[in-house]
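Please read the structure below before turning to the comments.
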């Protein structure tokens, strides 16, 4: 079964999955809602269009480099309420992941859909970013399509360590049918902010199957 590969690397990224108000959390790896949002931006698909075809993709993440979770302290004065009147000062804490590197795989039986997404990532309609508009990629997201199932595709893709001592087992977060780790990050309706759930399993694999290449 073919798998679409994406590379997500940037100085700062944010992967929030449940906070919406003054404390904005982040996962330590990309959420499915964030990845689907990137695909929608690449396709130029607006919020009111359905995303069931993208939500059905089976997703996995290989963490090439674990990032450091940091926090920004924001103060907004003269905020505007939804009614249009002047609001109070808003204080928020916004978390992000610094200096991380991810390889994302999306598995699906319909290769035509994956080819459409791959082409869109090469020439996106709208700007692509990682959680905030200022968090832009530091390298191209588009990698290509491989004719391998999800986990094998992630394990066999070349790995680029910064230093030789970084050659240690990598963390994989794979979408599965059943597991105790349940994530509420499957978009159902962007406009109403409705999300479904999925199960993921975390594994660690060594680098025996992933050829090591020099850093770009």
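The values are calculated or read from the model by the stated rules, or taken from the named source; none is laboratory data. What you are looking at is a predicted structure, and each value in this text was computed from that prediction instead of being measured. As a convention, Cβ positions derive from the backbone with ideal geometry for all residues, glycine included, and neighbour counts pool all protein chains shown.
Here are the numbers:
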quantity: Which numbered condition residue 39 fails, given (1) in a loop (DSSP other than H, G, I, E, B); (2) buried (at least 22 other Cβ atoms within 10 Å of the Cβ); calculated: (1)
quantity: Looking only at the range 138-160, and only at residues there that are at pLDDT 95 or above and part of a strand (DSSP E or B), the one that is surrounded by the fewest Cβ atoms within 10 Å (Cβ to Cβ); calculated: 144
quantity: Only listed residue being modelled with pLDDT of 95 or more and touching a strand residue (DSSP E or B) at 6+ places or on another chain (Cβ under 8 Å), chosen from 97, 69, 90; calculated: 97
